[in-house]
Amino acid sequence: MANGWANDDPVREPKGEQIVESRHPATMAAQALGWIDETTKALIPPVHLATTFIRDADNQYRAGFSYGRPTNPTFVLPEALLARLEGGASCLTFASGMAAATAVFLALRPGDHVVAPQVMYWGLRNWLKSCAADRGVVVDFVDAGATEALAAAVQRGRTKLVWIESPANPTWTITDIAAAADIAHGAGARLAIDSTVATPILTRPIALGADIVMHSATKYLNGHSDVVAGALVTARHDEFWERIAAIRTSHGAILGSFEAWLLLRGMRTLHLRVERCGRTAQAIAEHFVGHRRIVATLYPGLPDHPGHAVAARQMRGGFGGMLSIRVAGGESAAIAAAARVTVWKRATSLGGVESLVEHRASIEGPGSPAPPDLLRLSVGIEDAADLIGDLEQALAGAG
Ligand SMILES: Cc1ncc(COP(=O)(O)O)c(C=O)c1O
């Protein structure tokens, strides 16, 4: 590409003139790091559809791009922005959150031991139980909300990766990231975290000791339920990160150009959306505490949540937009309540501007840690009173 990018592989970055390290994340995100096209002075980058790039006469690729599978100019800016927001050394985007997460496990060697949470994104848990096991990677699942359980599970010299998710689907279990990093590093392992729900606005795991941060960028980072994407951010460049990058290139699980462009557009408003979703989620959680049709409200922002104290320490500016309610009357009452909503949308996924409700056990199937009476709520940016009123009428009619 002619303009706008520095050529310092492997950390590709937009040229640095407008980038000031100390700027607030809201400023960095809103301005996409201040990128301006040198030729046209456009504030918004183009979508690069090219799959191949000209080689210099002396056989070099000085622009930094050769072919569309290793990388693509449209990836560069969302990757640079996310690396900056997370305080990491580099970012790789992927075709989905699952492609990003599985690349970390595929970079392990047969025989490597992994510690992972019992409560985590179910799709990845299922993959770990089947495909990772087939490759000889040995995974122990523990209660990652209990630091002692993590400490007891790691095996010095054998454990190569501790994987955590915080807050974790669908009970919003909180893991103490700094403690988990100490435990992992003490055993000679890396700490990787699925930080999809926290987003870099609320938690910066690398500053707490994490080595790799993973996002399903399908969720808050994009924020508009119109892109499937994933991302990894590394604390440093090392041989493990190189292996992950090689896996992305060889497996080809790359983001499409248009998706990368949409992701960057979504990230410009990440700060506003995350703040608003978190404020409304807190209001909804507090409203339903002690409600006669609800057995429990699970939200890290409530003082009675088992992870509240740790969340208050490691999350800043709120506790996120995800909560769950356990409906009095069990599974059938929960499904009946979900059937009656009109403002909330009955759908899977999370982190979009529209609020979603989902009977989680139905999607996770047998072996799920989701209680059968649990409804997962992804709070969007609608009016809080509309959302509370709709849930009230749905619960009243379901009882
Ligand atoms: C917390 C979390 N991690 C990972 C994933 C997987 O991401 P994707 O659907 O983008 O592959 C999801 C998807 O629901 C998720 O909620």
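Modelled spin-label separation between Arg69 and Ile44, with each label point placed 7 Å from Cα along the Cα-to-Cβ direction: 3.2 nm. Provide Rg over Rh for the range 96-135; use the alpha carbon set for both Rg and the Kirkwood Rh (inverse mean inverse pair distance). A ratio of 0.92. Relative protection proxy for 242-251, 111-120, from highest mean packing down: 111-120, 242-251 (other beta-carbon atoms within 10 angstrom). Averaged per residue, the chain has 39 square angstrom of accessible surface, using a 1.4 angstrom probe with ligands and nucleic acids left out. Measure nothing fancy, just the Cα-based angle from helix 177-186's long axis to the longest principal axis of the chain, in degrees from 0 to 90, nearest 10. With both axes taken from Cα atoms, the answer is about 60 degrees.
In terms of the Cα gyration tensor, with a ≥ b ≥ c the square roots of its eigenvalues, is the range 40-146 rounded because a/c is under 1.5, prolate because a/b exceeds b/c, or oblate? Note, shape of the range 40-146 comes out prolate. When the Cα positions of Pro70, Val197, Ile36 are compared along the charge dipole of the chain, Pro70 comes out farthest toward the positive end, with charges on each C-beta of Lys, Arg, Asp and Glu.
Summarising the amide proton neighbourhood of Val139: residues at separation of 5 or more, or on other chains, whose placed amide H is nearer than 5 Å comprise Val114. Computed on the Cα trace of the range 172-229, the radius of gyration divided by the Kirkwood hydrodynamic radius gives Rg/Rh = 1.04.
Pairwise Cα distances in the range 113-232 exceed 20 Å for 39 percent of all pairs.
Label-to-label distance for Asp226 and Ala312 is 4.0 nm, based on points extended 7 Å past Cα in the beta-carbon direction. Please give the Cα centre distance for the range 320-399 versus the range 239-253, rounded to the nearest Å. Distance between centres, Cα-based: 38 Å.
In the chain, the DSSP-assigned H stretches of four residues or longer account for a calculated mean residue ellipticity at 222 nm of -10000 deg cm²/dmol, using -39500 (n - 2.57) per stretch and the full residue count as denominator.
Across the chain, how large is the tail of the calculated P(r) beyond 32 Å, expressed as a percent of all Cα pairs? The proportion of pairs with Cα distances above 32 Å equals 35 percent.
Taking Cα atoms, how many degrees apart are the long axis of helix 239-251 and the longest axis of the chain, rounded to 10 and kept between 0 and 90? The angle comes out near 90 degrees.
With each label modelled as a point 7 angstrom along the Cα→C-beta vector, the Glu148-Arg346 pair spans 4.3 nm. Helix 73-86 and the longest principal axis of the C-alpha atoms of the chain enclose an angle of approximately 50°.
Stretched out straight at 0.36 nm per residue, the stretch from Arg236 to Ala133 would grow longer than its current Cα-Cα span by 34.3 nm. For the range 208-302, the extents of the C-alpha atoms along the principal axes are 54, 31, 22 Å, listed from largest to smallest. Taking all C-alpha pairs of the range 302-390, those more than 22 Å from each other amount to 33 percent. Note that the range 215-262, at 4 °C in a medium of 1.567 mPa s, gets a Stokes-Einstein diffusion coefficient of 109 µm²/s from its Kirkwood radius over C-alpha pairs. Taking all Cα pairs closer than 8 Å and separated by 6 or more residues, the relative contact order of the chain comes to 15 percent.
As a fraction of the 1.4 Å probe accessible area of the range 128-218, surface on carbon and sulfur atoms comes out at 52 percent.
Roughly speaking, to the nearest percent, how much of the range 240-399's 1.4 Å accessible area is carbon and sulfur? C and S fraction of accessible area: 58 percent. Dimensions of the range 22-74 based on its C-alpha atoms, expressed as ranges along the principal axes with the largest first, amount to 41, 24, 22 Å.
Rolling a 1.4 angstrom probe over the range 53-106 with all protein chains present gives an accessible area of which 51% lies on carbon and sulfur atoms.
The values are calculated or read from the model by the stated rules, or taken from the named source; none is laboratory data. All figures in this text were calculated on a predicted structure; none of them were measured in a lab. Here the Cβ is made from the backbone with ideal geometry for all residues, glycine too, and neighbour counts use every protein chain on show. The protein model used for the area step is the full one, side chains on, heavy atoms only, and it has no ligands, DNA or RNA in it. Shrake-Rupley method; radii C 1.70, N 1.55, O 1.52, S 1.80 Å.
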